[in-house]
Structure formats: structure tokens, C-alpha cells
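The values are calculated or read from the model by the stated rules, or taken from the named source; none is laboratory data. Computed from a predicted structure; not experimentally measured. Positions of Cβ are generated from backbone atoms using ideal geometry, with glycine treated the same way; all protein chains shown enter the neighbour counts.
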Amino acid sequence: MSPADDAGAAVQALPPFKPLPQKAPDVTVERRADGSFIIRSNHPPGDGPRSIPHLLAERAAQHPDRPFILQRAPGHGPWGGVTYGEAKRASDGIAQWLLDRGLTGADSVMVLSGNSVEHALVMLGCYAAGVPVAPISPAYSLMSADHAKLKHCAGVVKPKVIFAQSSEMFARAFETLRAENPDLAFVTVDGGNGTIPLSELTGTTPGPAVEEARERLNHSTVAKYLFTSGSTGMPKGVPQTHGMFAGVIAGGEGLRTEPQDPDNPPQALDWMPWSHISAGNIAFNGNLWAGGTLHLDEGKPIPGMFETTIKNLYEVSPIVFGSAPVAFGMLADAMERDPELRAKFFKNLRYMGYGGATLSNDLYDRLQALAIAETGMRIPITTMYGATETQGITVVHWVTERVGLIGLPLPGITLKLAPNGSKLEVRVKGPTVTSGYHNDPEKTAAAFDEEGFYKLGDACRFVDPDDPAKGLVFDGRVTEDFKLDSGTWVSVGTLRPDLVAACSPYVFDMVIAGQDKPFIGALVWPSPAGLATLGDDPMGKLVDLLKARLAEFNRTAGGSSRRVARFIVTTEPPSIDAGEITDKGYVNQRATLERRHALVEALYAQPPGDGVVVVT
């Protein structure tokens, strides 16, 4: 039997996948004379809401007593929150308060704190009043030394009201903003330090003005402003309309093969921040569309906090679980040690979804091994791809054994792949795409091509150019890839996750250096969980282990575009202020290399600088 036959037999011997209730790929691909491709789904979009406030009103009328958003009491206490009916009443009160103060669609309410029941009510109240809400990363207030990004965001959207969960915790941020604008109104849950208690807003009796405001909403109404991660300068404010929200929902409905079960509403557990599209738009609105219950997970995929997620998973067994790849890695570690957690996690699970970064092959294999051990079947693992400016635009909506796919366009979306050097750059047009950046016509003009397609700056390629229905593979950032001094291109977006996988579970992340240099170098952040397993002298053992792992990777890597010659283990955490990392844990390649240029110089010094490890 040939090696290919052996591989085929091994795949056939694996258990089947759980059914994925979504339609098979069906696309039309047009190849243009200039080398670009136009790709559309042949599945039409399904139904979508008129607006999120109209959707909430509908769900509150259908099941007013069903739990909508739940959050634990402090100290991992019992779950509490609001029903659909209570959320509708409280958010209408907030809307009336905003209207009474004269706020309109030309104003905004900025939210400084993270996910909470109260944050959700403020967001929904703003939606109902037609006043844009602007949730920003809590790190801009709590972890920043100079509040530069906080002041920048406020300068972009010019809020009239600021909301934060705690008056004490956000006191320093309040002082900064008050110095910028003394007329700001500050609202907190506790109402301390002279702030307005949220109960004053929720207790306002809604009058006819709220329903009139709701009826004025349409798909062009701006619902919120989200800010980009600021990896290429200060964050840009991106208007998010109700039409963009509805476009994602309608696209997903166009792929559904079975109706929602009204007697089995989904139970969701989510930690990802509402200052980003994944959780704040796609997951939040999707849960509302499904009439489900959202449990707010106050854990995070970092040591010391992921234990909270694990405790929550003992009680919440989701139908669908979505998160960033870093969380899946920690979850796999925990389930491999804890069969009871594994049983709870897979109890109701139909499929998993990841986003924001590529899932490594080794982690995919570990998750499938856990699924097989618990259920006797493999679990579909999907992904949705998009950006703050576009919402979700492609999705893997079929069972596949590959990782690294970004899928195919959602129904209603038109994708253009435009030649850019040796790559195909992703561009998009459709109902989920923003019209531009808020109050920034120059950046808006630069973001779209001559046909009105938004340029994401990412690259992708066909899995099989002869069979486009097999999907698209992420091919790195156009701006991150570089050439060695030999003229050889290095594809950072594909090499980086492969290297992290080769060094798993001892590496949290790494960045790749080598532009105009003779070889590839890497800056490596160790995984605290991995270090904890190495006993005495963990850093010394880690260096030896990584040197051996990378040497083995190089042995089968191929040419110079894939071989790492030197690395440095860096223990200084990536900086949010410097744009090295987002609050979702995604490390920015370019910002890190610029900030840590001294380490990059050490990588290429002759002889090598302090801390440089040469891979033989």
C-alpha cells in the first residue's frame, strides 16, 4: 500500500462528524482579465431583522419571562440578570432618558467598562433611542498610562454621556475625560463620586417618544461606533448600522438547513469583549435572533482567570461554543486533565467556531481526540472571517478537516480577490460593510478601491483553484509579509501559527523578523502554563526545548522562507498602549517589531547579541 493509500485509510478509519445543519458550498466565480476574481454565494440571504430594537421588542413579546442575559454575582456567586421582558422595559427607560436630554443620532454614549448586564441595557437603550453607542476597550481606561487612546476615541465620537460599571474603578478615566469636556454626564451602576446612578435611567417611564424613535430606525441608521485595534496608529472609528447587523443575520439564515427549535433556545457562554464585532455584534445579535440565553463569562484565556471559564462550563453546556484559538488551547489543556469538564462541555455541543487567528493543526487534532473520547464522533469546527469595517463576510459552513480556511462568502456578500504582488488581496462589498470611517474622509477614501470594494489588507488563496467550492485559505497580511535579502518571500500569516504549533504548549505567541535579512528570526513569548511544567530552572529548560523543537521544524520546513535560524525568549508582556496586543489577545506583528527594534538588531548582530539562541 502506498503512503497516500495509508493516509486515506487512516482518515476513513476516523469516526464520522456530528451533522452540521448548514448548506453545502455553492459559489459562482468570475475570473477577470486583470487576474482578479469575483466570488458570490449562490445561496440567497434569508430573513433578517429591521433593527435590533425591533427584534428585542418581538422577542420580549414572544417570551417575556425567558432569561436573556445572565451574569454571576461577585465571588462566583449565583447567576442573575434580566429576562427579555425586563431588558425591553429597562432599555426603553434608558432610551427615554437619552431623548429627554436631547441626544440624537448626531451624538453618542461612550462605554468604558467591559461586558455586563448593565452594559447590555445601555447598549440596547441607545439603539432604541437612535443614539449611537461607542464601547471601547476597558484597557484604554484601566491599563493605559497616558489615556492617549481614550482621549482619541472621545475626540472622534464626541460623546455627551459616559457610562462605566464602577465610579471608583474608572475615576481616573473620568478625570481625564472631564478635563477634555466639562459638560460630560457620567453614569455608573453605583452612582458614586457624583455620577448619575443607572437606576435613574432604567427607572424613567418610557413615553411615546421611544416608540417614535424606534419607528424611525432603518438599515442605514448608525447603531454604534466600534474602534479598530489601533495596530497601525490610533484606532479608527467605524460606524456600525442596523443594516450591517441584519446583513450578518440574513447571511447566516441563508445557510441554515433546519429551523430554530423554539423549545430548546441556545445557551451561550462568552467572554470576548463587546468592543469588538465578534462578541459585541455577531454573537450578541445572533443570540437575540435565536431567542437564546447569554451567560457572561468573566473568565479570560489567561493564567489565573481561565479557571473561571472552567467553573462556568460545569454549569453551562453550550450548543455552539465560539472563542479565540488561545482559549481553545487552554480549554484543551483543562479537558485533557478533567474528564468531568469534558463531559459537561460536549453534553449539548453541536459545533465549535473560532476566529481572529488561525487554529493550529495540533490543537485541531487535540480537540477532535477529546470529542471522540467523549461522544464517539468528531465535532465540526468552523470559522467566520471579517473585520471591524465589514462584520463577518466569509464562513466555513461545511464539515472540513482543514484548518486555516476562511470559508466562502456569506449569502449577499461579493468578494473580490485582487492581485497584490505575489498574493491575492481580499476586498469586499455588501450589506455588512461600513460606508467609511467616522469623521475621517481621507482614510475612508484610501480604504475603498475604484469599484467601492473595501480593502482588508489580508491575502487569501483557493484551496483548489480548479474547485473553488473547497474554499479559501488565509494567506497572511499583505503588509506583514516580507522578503529576505535573497528576494525570497516569507509568508508570516502561515509561518507564525505553524511555529507556535511546533512549540506547543510552551509558547504563547511569537513574531517573525527578517525583512531584508539573510535568515528568519523570532521573538518568542513563553506560555506561563508551559513553563509551570518544567520544574527547576524553567527558562533554561525552555530554551533547550525550543531550540530542539525549532531544529526539528527546520528539518522538514523546506527552503529559507520557512526556517528559523535564531530566536530570543522575551518575558516582557506585549503592551496594549504600544499597540502590540489587543484586549482579545491578538499580537500585532509590525507594532511589536518596531517597538522592540533593539531585540531585532540583537538577532542579526555578528556575533549574536545577548539572549539570542542559534538554532542548529
Item to check | Tabulated pairs, the stretch 282-300, first in contact (Cβ under 8 Å) with a residue 24 or more places away in the chain, second among the small types (Gly, Ala, Ser) and crowded, with 21+ Cβ neighbours inside 10 Å, C-beta under 6 angstrom, 6+ apart or interchain | outcome: 282/392; 292/268; 294/268
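Go through the stretch 560-577 and count every residue that is under 30 Å from the mean Cα position of the chain (by Cα) and either on the phi > 0 side of the Ramachandran plot or not in a strand (DSSP E or B) (or both). Step through it out loud before you land on a result.
The first filter runs over the stretch 560-577 and keeps only residues under 30 Å from the mean Cα position of the chain (by Cα), leaving 561-564, 567-577.
Next cut, either on the phi > 0 side of the Ramachandran plot or not in a strand (DSSP E or B) (or both) only: 561-563, 570-577.
Residues flagged as under 30 Å from the mean Cα position of the chain (by Cα) and either on the phi > 0 side of the Ramachandran plot or not in a strand (DSSP E or B) (or both) within the stretch 560-577 amount to 11.
Residues of the stretch 189-203 being farther than 20 Å from residue 88 by Cα and in a strand (DSSP E or B), which ones?
Result: 196, single match.
I need the helices (runs of 4 or more DSSP H) fully contained in the stretch 206-313, keeping only those with at least 1 residues that are among the β-branched types (Val, Ile, Thr). Lay out the reasoning, then the answer.
Numbers: elements: 208-216, 242-253, 284-290, 306-313.
The qualifying helices (runs of 4 or more DSSP H) are 208-216, 242-253, 306-313.
Can residue 493 be described as at pLDDT 75 or above, farther than 26 Å from residue 527 by Cβ, surrounded by 21 or more Cβ atoms within 10 Å (Cβ to Cβ) and touching a strand residue (DSSP E or B) at 6+ places or on another chain (Cβ under 7 Å)?
On the way: at pLDDT 75 or above: yes; farther than 26 Å from residue 527 by Cβ: no; surrounded by 21 or more Cβ atoms within 10 Å (Cβ to Cβ): yes; touching a strand residue (DSSP E or B) at 6+ places or on another chain (Cβ under 7 Å): yes.
Judged against the criteria, residue 493 is not a match.
With buried (at least 17 other Cβ atoms within 10 Å of the Cβ), small (Gly, Ala, Ser), over 32 Å from the mean Cα position of the chain (by Cα) and modelled with pLDDT of 85 or more as the only criterion, which of 557, 602 stands out? Show your work before the answer.
Values: 557 fails: over 32 Å from the mean Cα position of the chain (by Cα).
Just one listed residue meets the conditions, 602.
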Checklist entry - Just wondering, is there one or more residues in the stretch 347-367 that are more than 20 Å from the chain's Cα centre (by Cα) and without any contact (Cβ under 8 Å) to a residue 24 or more places away in the chain? => result yes
Checklist entry - Picking from 456, 424, 499, 417, which residue would you name as being touching a Leu at 6+ places or on another chain (Cβ under 6 Å), over 20 Å from residue 25 (Cα atoms), buried (at least 19 other Cβ atoms within 10 Å of the Cβ) and not aromatic (Phe, Trp, Tyr)? => result 424
Checklist entry - Would you pick out the residues in the stretch 319-335 that are at pLDDT below 95 and over 22 Å from residue 586 (Cβ atoms)? => result 319
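Looking at the stretch 255-297, which of the residues that are among the charged types (D, E, K, R) and within 16 Å of the chain's Cα centre (by Cα) is surrounded by the most Cβ atoms within 10 Å (Cβ to Cβ)?
Filtering the stretch 255-297 for residues among the charged types (D, E, K, R) gives 256, 258, 261, 263, 270, 297.
Narrowing further to those that are within 16 Å of the chain's Cα centre (by Cα): 270, 297.
Working: 270: 20, 297: 24.
The residue in question is 297.
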Checklist entry - What helices (runs of 4 or more DSSP H) lie completely within the stretch 31-146 and have 2 or more residues being among the aromatic types (Phe, Trp, Tyr) and either over 17 Å from residue 292 (Cα atoms) or at pLDDT 95 or above (or both)? => result 84-100
Checklist entry - Which condition does residue 322 not pass, out of (1) more than 30 Å from residue 439 (Cα to Cα); (2) touching a residue at least 40 places away in the same chain (Cβ under 8 Å); (3) more than 17 Å from the chain's Cα centre (by Cα), if it passes all the others? => result (3)
Item to check | Breaking point among (1) modelled with pLDDT of 95 or more; (2) over 19 Å from residue 126 (Cβ atoms); (3) among the hydrophobic types (A, V, I, L, M, F, W, C), for residue 177 | outcome: (2)
Checklist entry - From the set of residues in the stretch 134-153 that are surrounded by 16 or more Cβ atoms within 10 Å (Cβ to Cβ) and of a type in the set (A, V, I, L, M), which is nearest to residue 223 (Cα to Cα)? => result 134
Item to check | Matching residues in the stretch 575-611 - criterion: being of a type outside the set (D, E, K, R) and without any contact (Cβ under 8 Å) to a residue 60 or more places away in the chain | outcome: 575, 578, 581, 597, 598, 602, 605, 606, 607, 608, 609, 611
Item to check | Residue check, residue 102 surrounded by fewer than 19 Cβ atoms within 10 Å (Cβ to Cβ) and either polar (S, T, N, Q) or farther than 30 Å from residue 312 by Cα (or both) | outcome: yes
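Considering only residues that are outside any loop (DSSP other than H, G, I, E, B) and without any contact (Cβ under 8 Å) to a residue 40 or more places away in the chain, look in the stretch 154-176 and name the one that is surrounded by the fewest Cβ atoms within 10 Å (Cβ to Cβ).
Step one: list which residues in the stretch 154-176 are outside any loop (DSSP other than H, G, I, E, B), which gives 154-157, 161-164, 171-176.
The next check asks that each one be without any contact (Cβ under 8 Å) to a residue 40 or more places away in the chain; those that pass are 155, 171-172, 174-176.
Values: 155: 13, 171: 17, 172: 13, 174: 20, 175: 11, 176: 18.
Going through the qualifying residues, I end up with 175.
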Next on the checklist: With the structure loaded, tell me whether residue 473 is β-branched (Val, Ile, Thr), out of contact with any Leu (no Cβ under 8 Å at 6 or more places or on another chain) and at pLDDT 85 or above or whether it fails that test.
Outcome noted: no
Checklist entry - Just wondering, is there one or more residues in the stretch 409-416 that are part of a loop (DSSP other than H, G, I, E, B), over 28 Å from residue 505 (Cα atoms) and of a type in the set (Gly, Ala, Ser)? => result yes
Next on the checklist: Can you say whether residue 107 is under 13 Å from residue 224 (Cβ atoms), surrounded by fewer than 23 Cβ atoms within 10 Å (Cβ to Cβ) and in contact (Cβ under 8 Å) with a residue 24 or more places away in the chain, as far as the supplied structure shows?
Outcome noted: yes
Checklist entry - Residues of the stretch 384-403 being surrounded by fewer than 23 Cβ atoms within 10 Å (Cβ to Cβ) and not hydroxyl-bearing (Ser, Thr, Tyr), which ones? => result 387, 398, 399, 401, 402, 403
